[in-house]
Structure formats: structure tokens, C-alpha cells
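The values are calculated or read from the model by the stated rules, or taken from the named source; none is laboratory data. Bear in mind the structure is a predicted one, so any value in this text is a computation, not a measurement. Note: ideal-geometry Cβ built from the backbone for every residue, glycine included; neighbour counts use all protein chains shown. Keep in mind that these areas ignore ligands, DNA and RNA; they rest on the heavy atoms of the full protein, side chains included. Shrake-Rupley method; radii C 1.70, N 1.55, O 1.52, S 1.80 Å.
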Amino acid sequence: YLRYVDDIIILGKSDCSSLLKSIQKKLIKIGLCINEDKTLLGNLEMGIDFLGYSINKDKISIVNKTIEGQINKIAAKVTWYKKGLLNPKARPNWLINNDNAFKKAFLKEVNLIITGSKSAKKNYGWLFYYLEIDDLSVFYKIDSIIESMFESLESFGGKPPKNLKRTLRAYFEIKYNKGGNYIYDYDKLNALAKKRKFLQDVGQADPSKKYSDTEIEETYENYRDRNLRNLERDIGYGY
């Protein structure tokens with residue numbers, strides 16, 4: 001098994017222009033070419049973005065594109081929530097007349113986006129990929145922006161709820177405590193009653209309806225798999 005690698009970084013003590021030209025010629029021979037728009041020559045002191053990391057002599061951080069993407073995911077969920085408040089019929093049937101349950105489902109999903117998840121002893125989500133950064137200011141920035149989004153939500157009193165998760169704490173829990181209880185682990189929920197309660201909390205199961213054990217298991221697995229796929233797409237790299 002050979003993995004195709006298309007992200008290359010070359011470090012040299014002198015000008016690498018000739019080496020770049022040599023690589024270009026070798027790639028052409030095997031029917032490949034470099035992406036000119038993503039190719040950069042320069043001094044290392046300028047800093048470099050590589051595989052989602054932003055690296056310079058002072059700090060290791062996260063590229064702006066990833067930060068913006070994470071914020072946009074939360075913003076999209078807030079927009080979804082606002083639309084559901086204005087048009088309750090757009091919600092699942094059992095949430096149409098239950099604003100509190102809809103509010104609870106919204107916050108649960110926001111928290112899952114913020115922290116990522118665990119399943120089958122594998123980690124999912126952008127935070128797990130960026131454990132090597134030492135620029136913690138990005139987490140303060142992201143948390144501040146997410147909290148500000150709640151200022152426009154009257155149902156939350158115009159302020160973030162106490163049980164809103166924080167990326168900064170999630171980072172520390174993952175780095176030093178393997179996630180602890182702060183990061184949701186789908187495998188720890190092995191009782192059907194707990195799975196049913198979880199599905200109700202995220203708006204995937206009607207509390208007034210009786211589901212068979214098979215229906216609960218399948219709904220839980222489908223919800224888990226769908227969310228884990230979305231978290232994997234946050235990064236695009238295996239880790």
C-alpha cells in the first residue's frame with residue numbers, strides 16, 4: 001500500500017529555485033505538475049502554511065481558512081435555529097410546539113461541532129488535528145465569536161448559556177486528559193434508554209412515540225455516522 005502524497009515542503013540553506021525546477025521536470029516525466037497558485041518560494045522567517053498549520057518563528061497556529069470554516073459551521077447552525085423559531089413547521093413534527101426541546105437540540109448540536117467526538121477509539125473533529133499548536137489566542141478568538149452569536153438570540157436571553165462548550169477547554173481536555181467527559185464518546189452510551197434520551201436531546205426522536213430497540217439502535221448509529229462524516233470533512237487529512 002502506497003499513499004499518494006501531494007503536499008511537499010523543502011527546506012534549504014540556500015536558494016531552492018534550482019531544486020524546484022528539477023522537481024518540476026521530474027514530475028512532468030511521470031505526467032504530473034505542480035499547482036503554481038499554491039507554490040511559494042521565500043525565506044522561512046516569512047512563516048509558512050502547511051497542512052492546515054500556520055508556522056513562523058514565534059508560534060505554531062492554525063490557518064485562517066480553518067478558523068473561518070469552524071466559525072461558519074456554528075453560524076450556519078445559528079441561522080438554522082433562527083429559521084426554526086420563525087417557522088416552527090420547518091422543525092421535526094415533535095418539536096413544532098416545543099420551543100424548549102428545539103432550543104436544547106440546537107445547543108447540543110452546537111456543542112458537538114465545537115468539541116468534536118470520539119467513536120470506536122478514534123477521534124473526530126478539527127481540534128484533535130491541531131494539538132501541536134501553541135497559539136492559544138485562536139481559541140479565545142473563536143470562543144468570543146461564538147459567544148457573540150448568542151447576543152441576537154432572545155430565547156437565550158441575549159447571552160451564551162452556561163452549558164455552551166468552549167474550544168479552549170476542549171483543547172486542554174483533549175491534549176492532557178484524552179478528552180475526559182468533555183468530549184462526547186458515542187461508544188460510552190451503550191444502554192438503550194440513554195441512547196433514546198440522547199436522540200430526544202438532539203431532536204432525532206419523539207418523546208411521545210414508542211420505538212423498538214432496533215429503531216433506537218439504527219437511528220443512533222445513523223446520527224452518529226452522519227455527524228462523524230461531517231467532522232472528518234472539517235480537516236481533509238487522516239490523523
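For region 24-84, a/c is not less than 1.5, where a ≥ b ≥ c are the root eigenvalues of the C-alpha gyration tensor, and a/b does not top b/c. That puts it in the oblate class. Can you give the relative contact order of region 134-239 as a percent, counting alpha carbon pairs under 8 Å and 6+ residues apart? This gives 14 percent for region 134-239. Neighbours of Ser152, meaning other residues whose beta-carbon lies under 12 angstrom from its beta-carbon, give a summed charge of -1 when Lys and Arg score +1 and Asp and Glu score -1.
The phi-based Karplus calculation (6.51 cos²θ - 1.76 cosθ + 1.60; θ = phi - 60°) puts the 3J(HN,Hα) values of region 122-135 at 10, 9, 10, x, 5, 4, 5, 6, 9, 6, 8, 6, 10, 9 Hz, whole numbers, x for Gly and Pro.
If you wrap the Cα atoms of the chain in a convex hull and average its projected area over all directions, you get 17.4 nm².
Evaluating 6.51 cos²θ - 1.76 cosθ + 1.60 at θ = phi - 60° for every residue in region 39-44, the Karplus couplings come out as 9, 9, 10, x, 7, 4 Hz, glycine and proline recorded as x.
Rounded to the nearest 500, the helix-only mean residue ellipticity at 222 nm of the chain stands at -15000 deg cm²/dmol, with each DSSP H run of n ≥ 4 adding -39,500 (n - 2.57). Taking 27 Å as the straight-line reach from the Cα of Lys210, the lysines in range (excluding those fewer than 8 positions away in the same chain) are Lys89, Lys103, Lys104, Lys108, Lys188, Lys194, Lys195, Lys197. First select every other residue whose beta carbon is under 9 angstrom from the beta carbon of Ile216; then total the charges, Lys and Arg +1, Asp and Glu -1. Its environment carries a net charge of -2. Accessible area per residue for the chain, computed on protein heavy atoms with a 1.4 Å probe, is 65 Å².
Once the C-beta distance of Asn43 and Arg229 is scaled by a Förster radius of 41 Å, the resulting FRET efficiency is 0.55 to the nearest 0.05. Among Asp213, Asp225, Asp185, the residue with the largest mean-square fluctuation in a Gaussian network model of the chain, with springs joining Cα atoms closer than 10 Å, is Asp213.
Taking only protein heavy atoms and a 1.4 Å probe, the accessible area of the chain is 50% carbon and sulfur. The relative contact order of the chain, computed from alpha carbon pairs under 8 Å that lie at least 6 residues apart in sequence, is 19 percent.
The HN-Hα couplings worked out from phi for region 69-85 by the Karplus form 6.51 cos²θ - 1.76 cosθ + 1.60 (θ = phi - 60°) are x, 5, 5, 5, 5, 5, 4, 5, 5, 5, 4, 4, 5, 4, 5, x, 5 Hz, whole numbers, x standing for Gly and Pro. Relative contact order for region 79-207: what is it in percent, counting Cα pairs under 8 Å that are at least 6 residues apart? The value is 31 percent.
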